[in-house]
Amino acid sequence: MFKNFLGAAAVALAATPALACTPVASLPAVLDAPGNYCLAGDLSTAISQGAAITLASDDIHLDCGGLKIEGSAAAATTSATGIAAGQHDNVQVWRCTVQGFRTGIVAGTDAGGGNAPVGIVLRSNRVIGNHAGGIVVAARSALVRDNQVLDTGYTSTSTDPVVAIRASGTVDVLSNQVDVLWEPEGVFAPVIGIAVDGSQGGVVADNQVRGLFSRVSRVGIRVSGPGYATLQRNFVAAHFPSPASNDTAFECVDALGVLDGNQAAAFETGNSGCRDAGGNIFTETKAAGPAAAKPGVVR
């Protein structure tokens, strides 16, 4: 009887159809109705402003299945975004490779206003070779998890900070990989691996941040106020030589940031302004610089 029940359950699961989706066949595209969306294939665009894909409604789930949204045909001065969602609730972006834009993925624009979105999920995306930022989210409730943000910066001409993942509002930033983060070529600019602004109890945990280069300032993970956040089990390593005067692994500015079980290597300062709850390991050996070249660019 028990075996027959298991067999019937397996047949039922196998017979369940895959989640239906509306394919996106060309760029730029505006998705303005709730539903499940996917890519028809790898897609590219040469736009230099606006967004390759705009999520213009609540309740949108975009699952790219690992396929690519490519914007590298535009110049390095592009202001275009790969995927943009405004103040919309219950928006999810999964398994998208986004490359060659000013910013890879942007969800929400105001975390403090009455229309701040909730239910944002950005998960398992690969955000590669974008010029000023990788992932930006502003929300009252959001999850940024299991993403790779690689090779950010380098070709921008702006002196604004280059930030791989920027979260405003109450956002949990979990198990992401940030690798190779450059100040713009020929321009002095700060770099920040993960920046959390105005959190109200958000968690930043199990992230890996490494390969930061700036001649001005480099910070692995920064929490800024008002608000508070918990930073747990993150690993931060500077790696590349740098003459940056502000060279800090974990930094808390006008905010309560609690450090618990984190590790940092090759920064001049391990902890600036955060509460040390124990179990943190800071190997505060700053690599000499500047570097003669910027190796490892994935273009």
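The values are calculated or read from the model by the stated rules, or taken from the named source; none is laboratory data. Note that the coordinates shown come from a computational prediction; the quantities given were computed from them, not determined experimentally. Cβ atoms come from the backbone with ideal geometry, glycine included; neighbour counts cover every protein chain shown. SASA here: full protein model, heavy atoms, side chains in, ligands and nucleic acids out. Shrake-Rupley method; radii C 1.70, N 1.55, O 1.52, S 1.80 Å.
Here are some notes:
- Exactly one residue out of Val173, Val203 is open to solvent by 10 Å² or more (accessible area, probe 1.4 Å), at pLDDT 90 or above, not in a loop (DSSP other than H, G, I, E, B) and not charged (D, E, K, R): that is Val203.
- When the stretch 263-279 is limited to residues that are closer than 18 Å to Val253 by Cβ and in a loop (DSSP other than H, G, I, E, B), the one that is most open to solvent (accessible area, probe 1.4 Å) turns out to be Glu268.
- Scope the stretch 54-77; condition out of contact with any Pro (no Cβ under 7 Å at 6 or more places or on another chain), closer than 20 Å to Val121 by Cα and open to solvent by less than 20 Å² (accessible area, probe 1.4 Å); matching residues: Leu55, Leu62, Cys64, Ile69
- Exactly one residue out of Thr248, Thr230 is hydroxyl-bearing (Ser, Thr, Tyr), within 16 Å of Ala167 (Cα to Cα) and buried (at least 17 other Cβ atoms within 10 Å of the Cβ), and it is Thr230.
- The lone criterion from (1) farther than 28 Å from Ala76 by Cβ; (2) touching a residue at least 40 places away in the same chain (Cβ under 8 Å); (3) crowded, with 21+ Cβ neighbours inside 10 Å left unmet by Gly112 is number (3).
- Criterion applied to Ser242, Ser224, Ser217 was being among the small types (Gly, Ala, Ser), modelled with pLDDT of 90 or more and open to solvent by less than 50 Å² (accessible area, probe 1.4 Å), and the one residue passing it is Ser224.
- Taken over the stretch 53-79, residues that are among the acidic types (Asp, Glu) and under 15 Å from Leu39 (Cβ atoms) amount to 2.
- Qualifying position, being under 17 Å from the mean Cα position of the chain (by Cα), more than 18 Å from Val173 (Cα to Cα), polar (S, T, N, Q) and modelled with pLDDT under 95, among Asn130, Asn115: Asn130
- Pick from the stretch 116-170, criterion acidic (Asp, Glu) and over 24 Å from Gly201 (Cα atoms), ranking: least open to solvent (accessible area, probe 1.4 Å): Asp151
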